[in-house]
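Worksheet: the structure to be examined is printed underneath.
Bear in mind these aren't lab numbers, they're just calculated from the coordinates by the rules spelled out. This one's a predicted model, so the numbers in the text were calculated from it and none came from an experiment. Virtual Cβ from ideal backbone geometry, glycine too; neighbours counted across all protein chains shown.
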Amino acid sequence: MSDPVSYWMSSVDDDLTPRPGVDGDVEADVAIVGAGYTGLWTAYYLAGLAPRLRIVVVEAEIAGFGASGRNGGWCSALYPESLTGLARRHGAERPVALYQEMQRTVDEVGRVAATEGIDCHFHKGGTVVLARSAAQLARARDEVEEARSFGFGEEDLRLLGADEARQRCGASRVLGGTYTPHCAAIHPARLARGLARVVERRGVRIYEQTPATALEARTVHTVRGRVRADVVVRATEGYTPALPGQRRTLAPIYSLMIATEPLPPEFWARAGLAERETFSDHRNLIIYGQRTADDRLAFGGRGAPYHYGSAVRTSYDREPRIHVALAHSLRGLFPDLFPRLGEPRIAHAWGGPLGVARDWTASVGYDRQTGLAWGGGYVGDGVATANLAGRTLAHLITGTDSDLTALPWVGHRWRRWEPEPLRWLGVNAGLWATATADRTEARRGRPSRLARVVHRFTGG
Ligand SMILES: Cc1cc2nc3c(=O)[nH]c(=O)nc-3n(C[C@H](O)[C@H](O)[C@H](O)COP(=O)(O)OP(=O)(O)OC[C@H]3O[C@@H](n4cnc5c(N)ncnc54)[C@H](O)[C@@H]3O)c2cc1C
C-alpha cells in the first residue's frame with residue numbers, strides 16, 4: 001500500500017525522475033500549466049498543427065501526478081452532462097454532435113497510442129453497467145430510452161438481459177444491465193507518462209517541480225521565475241482552486257481507488273470481463289472497475305468528503321473508511337467468488353481530486369483578447385474528454401476552422417461556486433443524499449425520490 005501517488009504511477013515504464021524545473025525567466029508562444037492529459041494533449045496537437053510554436057508545459061510535480069496518473073482507466077465516451085441536460089440549453093442537435101465526437105475520441109486516443117508507441121494497455125472492450133435491483137433496472141431502461149430519443153441505436157447502448165449481463169460480468173444478484181462498446185480500458189499513468197515523452201519528441205519543453213503561483217494574461221508566475229507567452233493555458237482541473245482568483249471556479253471532489261493482487265484464472269473463468277470490459281452498476285453513488293492487463297481488479301468510487309475551502313492535500317488521497325467501504329463493495333459484487341477463491345488481497349489504495357463546476361458541466365475555451373485558455377470540469381469523465389479538450393484548444397489557439405470549435409461546451413463560462421460555508425454544506429449534503437438514496441433503494445427496491453433530486457442537481 002506504499003505507492004506514493006497511485007498503483008498506476010508505481011507500475012509505469014519509466015523511473016519518474018523529475019525533469020528540470022524553470023530556472024529564471026522563459027519566453028514562449030504558448031505556456032501550458034499542468035502536465036496531465038489536458039495539458040499534454042493540448043501540447044501534442046498544437047505541436048502537430050504548428051510545429052514552429054515554442055510550447056512549454058509547467059508542472060508543479062511531475063507529469064501524470066494529478067488525476068491523469070490515478071484514475072480508473074475508463075477511456076470512455078461518457079460526458080459529464082446528460083443529453084437531456086445539454087438539450088435544454090442547446091437544442092437537440094448540438095449535444096448529439098458532442099456525444100458522437102466523444103465516441104470518436106475513444107478511438108483517437110487508441111490511434112495516437114498505437115502510432116506513437118505508447119504502451120498504455122489500451123483495449124476497447126466496452127462497458128457493462130449492471131442492474132442489481134429493481135431501482136437500478138429502472139434506471140438502466142431510462143438510460144436506453146433517453147439514448148434512443150436522441151437517435152442513438154443498439155450499436156451505441158443496449159439493454160442486457162440477466163444472462164447476457166452475467167456472462168459479461170459474473171457478479172451476484174444481476175437482473176440485467178446496459179452495454180456500450182464505446183470504452184477502452186487503459187493503464188492511465190502509462191498514457192500520461194508516454195504522452196509526456198511524445199510531446200518532448202515534438203519539441204515541447206516540459207518543466208517539472210515548478211508550481212505556478214499566478215496565471216495572468218501573457219504571464220505565468222512560478223516559484224522559480226516567470227514564463228512569458230502570448231497564450232496561457234490553465235490545465236490544472238481539480239487543483240485549480242489553489243490558484244489565486246480561482247477558489248470558486250471548480251470544486252475538488254475526491255475519488256478513491258483500490259487494486260487487488262493479480263487474481264487467478266479460476267476467478268476470471270467465473271467473473272468474466274473477458275474483453276476487459278470496464279464495469280459498474282446503476283447505483284447512484286458512482287463505482288467503477290476494470291480488469292487490468294495483468295488480471296487485477298482496479299476498483300474505485302466516490303463518497304469521500306469534500307474538504308472545507310476546496311482544500312487539496314496529499315493526506316486526503318487516503319481515507320481508510322472509504323477504502324474499506326470500497327473493498328466491501330467489491331466483495332459485494334462477487335460474494336460467490338471471493339470466499340471460495342480466497343479473499344482478494346487489496347494490495348494498493350489511493351485517490352485524488354477531480355474538478356467539478358457549479359453547473360456540473362465541462363468546458364474548454366480560449367479568450368483571444370487576454371490569451372487565456374482553459375479546459376476541465378470533467379467530473380470524473382476526463383480521460384477521453386481531455387483529449388477532445390486538447391484537440392479543440394489546438395484548433396482555437398491556431399485559429400483552425402473545424403467542427404470541434406462549434407461543439408456546445410466550447411466557450412462555456414461556469415457559474416462560480418458559493419462561498420464557504422455554503423459550498424461545504426451543499427457538496428457534502430449532495431454526497432450524503434446520494435449515498436442515502438442507494439441505501440433506501442437497496443431496502444425498498446424501487447427508485448428513491450432523493451435520487452431523482454440528486455440527478456436533477458448534477459445535470460442528469
Ligand atoms: C481516482 C480517480 C478516478 C478517475 N477515474 C476516471 C475514469 O475511469 N475515467 C475518466 O474518464 N475519468 C476519470 N477520472 C477523471 C480524470 O482522471 C480527470 O478528469 C483527468 O485526468 C483530468 O486531467 P487534467 O490534465 O485536466 O488534470 P490532472 O491530471 O489532475 O492534471 C493537472 C496537473 O496540474 C498540475 N498542477 C496543479 N496546480 C499546478 C500549479 N499551480 N502549477 C503547475 N502545475 C500544477 C498537477 O500537479 C497535475 O499534474 C478519475 C479521477 C480520479 C481522481
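Remark: relative contact order (the chain) = 23 percent; criterion is Cα-Cα distance under 8 angstrom and separation of 6 or more residues. For the peptides 94-105, 346-357, 231-242, the ranking by mean Cβ contacts within 10 Å, running from highest to lowest, is 231-242, 346-357, 94-105. With respect to the chain, whose longest principal axis is taken over its alpha-carbon atoms, helix 422-444 is tilted by about 20°. Karplus-based coupling profile of the stretch 153-166, in residue order and whole Hz: x, 4, 5, 9, 7, 9, 7, 10, x, 4, 5, 5, 5, 5, with θ = phi - 60° in 6.51 cos²θ - 1.76 cosθ + 1.60 and x standing for Gly or Pro.
Using the average count of surrounding beta-carbon atoms within 10 Å as a protection proxy, the listed peptides 320-332, 175-187, 17-29, 381-393 rank, highest first, as 381-393, 175-187, 320-332, 17-29. Our summary gives the stretch 1-86 a relative contact order of 35 percent, counting only alpha carbon pairs under 8 angstrom and 6 or more residues apart.
For the stretch 110-183, pairs of C-alpha atoms spaced more than 17 angstrom apart make up 51 percent of the total.
The Cα-based radius of gyration of the stretch 304-436, divided by its Kirkwood radius, gives an Rg/Rh of 1.09. Which angle between 0 and 90 degrees, to the nearest 10, do you get for helix 134-149 versus the longest principal axis of the chain when only C-alpha atoms count? With both axes taken from Cα atoms, the answer is about 50 degrees. Sorted on the mean count of surrounding Cβ atoms within 10 Å across their residues, most packed first, peptides 86-93, 165-172, 193-200, 427-434 read 193-200, 165-172, 427-434, 86-93.
When both bridge partners sit in the chain, DSSP labels roughly 70% of those beta bridges antiparallel. If you wrap the tightest convex hull around every Cα atom of the stretch 103-242 and split its volume per residue, you get 187 Å³. Percent of Cα pairs in the chain per distance bin of 10 Å, from zero to the largest separation: 4, 22, 33, 27, 12, 3, 0.
Just to confirm the number: angle between the C-alpha axis of helix 37-49 and the first principal axis of the chain, 0 to 90 degrees, nearest 10? Approximately 50 degrees, to the nearest ten. Hydrodynamic analysis of the stretch 61-129 uses the Kirkwood radius over alpha carbon pairs. Inserted into Stokes-Einstein at 25 °C and 0.890 mPa s, it gives a translational diffusion coefficient of 174 µm²/s.
One decimal place: the segment Ala134-Glu216 gains 24.3 nm when fully extended, by the rule 0.36 nm per residue minus the C-alpha distance.
Quick one: grab the alpha carbon gyration tensor of the stretch 1-131, order the square roots of its eigenvalues as a ≥ b ≥ c, and give me rounded if a/c is under 1.5, else prolate or oblate depending on whether a/b is larger than b/c. Judged from the Cα gyration tensor, the stretch 1-131 comes out oblate (a/c at least 1.5, b/c at or above a/b).
For the stretch 92-133, the alpha carbon convex hull comes to 88 Å³ per residue, rounded to a whole number. The Rg/Rh ratio of the stretch 198-324, with both radii computed over alpha carbons and Rh defined as the Kirkwood radius, is 1.09.
Using C-alpha pairs under 8 Å with a sequence gap of at least 6, the mean separation divided by the residue count of the stretch 133-261 gives a relative contact order of 13 percent.
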